[in-house]
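The values are calculated or read from the model by the stated rules, or taken from the named source; none is laboratory data. Source: prediction; values computed, not measured. We place every Cβ from the backbone using ideal geometry, glycine too, and count neighbours over all the protein chains shown. The area values use the complete protein model at the heavy-atom level, side chains included, leaving out ligands, DNA and RNA. Shrake-Rupley method; radii C 1.70, N 1.55, O 1.52, S 1.80 Å.
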Amino acid sequence: MIEAETYHIIDRVQWRDYRERVHPSIEIHLTEKQLRKIISLNDELSVTDALEVYEPLTQLIAIYRDNYSRLQRRRNHFLGIEAEVPPFMIAISGSVAVGKSTTARLLRLFLSQAFPDLNVDLVTTDGFLYPNEELVKRGILNRKGFPESYDMPKLLQFLTDVKNNKRNIAFPVYSHENYDIVEGAKQVLKNPNILIVEGINVLQLDDKEQVFVGDFADLSIYVDADTACIERWYYERFKMLMHKAAENPDNHHYRYSQMEEDQAMAEAKRIWQEINLVNLNEYILPTRNRADMVIHKRDNHYIDQLWMKKY
């Protein structure tokens, strides 16, 4: 298998033992209350699971980051350049409903604890989707999430600005409740030392197939699971979002809450098969082998393996 040729595949038991190698200067703490705020709607993760998997992963990321900073400083010294070290960027990709957001938010918390003097921030690429109005004009609203639905020049410029140490970089706000870009709203990224960029497209090519978004990343992670698991998680999340939206007519999922549940779930199945599954098979999954690390899950979001690239 190509995975075995490309990656060291480490099972959960072996990975758990790496916690003993965590440097004592790195102190990671996690409470049940913190975890509840972090995990995605239908994700399943205990405090013990989070510490067993993400504490050694935080230590490993710290090694990558330290080596990155040392290389940048030594290169600048050799060239006689006085320049600030650009932010260390971590790209996190994977399918819809696989749990990317949980991974990104948990790593942000743990890295903030591991590097208390550094600014650790998180950006999702949802804000770089074209507004629904523009998608309708282009006739691609039904392909939202596909590569052509993103304003890739804007995203690439944003990442360029980050790596050029620009301050106070404004970028669009996306509302998952309204399923659209919030008109006129902006977020501002303020001088991060470590930036996590999460999204289904962060390991994909731009529309001219010249630049990987992941080319800006200093470390890339793909969150993976068998397609059957992801499909089941998608339906579970859809149902939870639908019930949650029942009292909010402005919510994208409100219309589904007004249907009979069987009818709503039939619509969810259509969306999965015609949109999300196609996007996964054609554009997302093929980027997995570009990732430096793969976090693999099985039933109930249980992380059973971690894959580390051999080269």
Lys244 to Ala266: extension gain in nm, 0.36 nm per residue of separation minus the Cα-Cα distance? 6.1 nm
Sorted by accessible area with a 1.4 angstrom probe, largest first, how do Tyr174, Tyr54 fall? Tyr174, Tyr54
Whichever lysines have a C-alpha closer than 21 Å to that of Lys310, once near sequence neighbours (fewer than 8 apart) are set aside: Lys297
Cα centroid separation, the range 76-94 to the range 34-50 (Å): 31
Given N residues in the range 1-309, what is Rg(Cα) / (2.2 N^0.38 Å)? 1.02
Taking Cα centroids, how far is the range 135-194 from the range 218-237 in Å? 22
Dipole check, the range 241-280, charges on Cβ (K,R +1; D,E -1), about Cα centroid: among Val278, Gln263, His253 the Cα furthest to the positive pole belongs to Val278
Virtual paramagnetic centre 7 Å along Cα→Cβ of Thr31, amide N under 16 Å, in the range 37-72: 37-39, 47-48
For the range 167-308, what class follows from the C-alpha gyration tensor (a ≥ b ≥ c being the square roots of its eigenvalues): rounded when a/c is under 1.5, otherwise prolate if a/b is larger than b/c, else oblate? oblate
For the full complex of protein chains and a 1.4 angstrom probe, list Thr160, Thr58, Thr31 by accessible area with the highest value first. Thr31, Thr160, Thr58
Specify the angular offset, from 0 to 90 degrees and rounded to the nearest 10, of the alpha carbon long axis of helix 261-271 from the longest principal axis of the alpha carbons in the chain. 50
If you take every DSSP beta bridge fully contained in the chain, what fraction is antiparallel? Give it as a percent rounded to 5. 45
Suppose each label sits 7 Å from its Cα in the direction of the beta carbon; what would the Lys163-Leu285 distance come out to in nanometres? 3.0
When the solvent-accessible surface of protein heavy atoms is calculated with a 1.4 angstrom probe, in what order do Arg232, Arg65, Arg298 fall, highest first? Arg298, Arg232, Arg65
How much accessible area per residue does the range 1-309 have, in Å², with a 1.4 Å probe? 51
Taking amide H positions as placed 1.01 Å from N in the peptide plane, with prolines and chain starts having none, which residues 5 or more places from Val223, or on another chain, fall under 5 Å of its amide H? Ser93, Gly94, Ile295
Using alpha-carbon coordinates, inclination of helix 227-244 to the longest axis of the chain, degrees: 60
Heavy atoms only, probe 1.4 Å: what % of the accessible area of the chain goes to carbon and sulfur, would you let me know? 48
To the nearest 0.05, what FRET efficiency results for Gln273 and Arg74 with a Förster distance of 45 Å applied to their C-beta separation? 0.30
Tell me whether the range 149-225 comes out rounded, prolate or oblate; compute the Cα gyration tensor, take square roots of the eigenvalues as a ≥ b ≥ c, and use a/c under 1.5 as the rounded threshold. rounded
Once phi is turned into θ = phi - 60°, what whole-Hz ³J(HN,Hα) does the Karplus curve with 6.51, -1.76 and 1.60 give for every residue of the range 134-141, x standing for Gly and Pro? 5, 5, 5, 4, 7, x, 10, 4
Amide H neighbours of Ile196 under 5 Å, at least 5 residues apart or on other chains, H built in the peptide plane: list them. Ile90, Asp121, Leu122, Val123
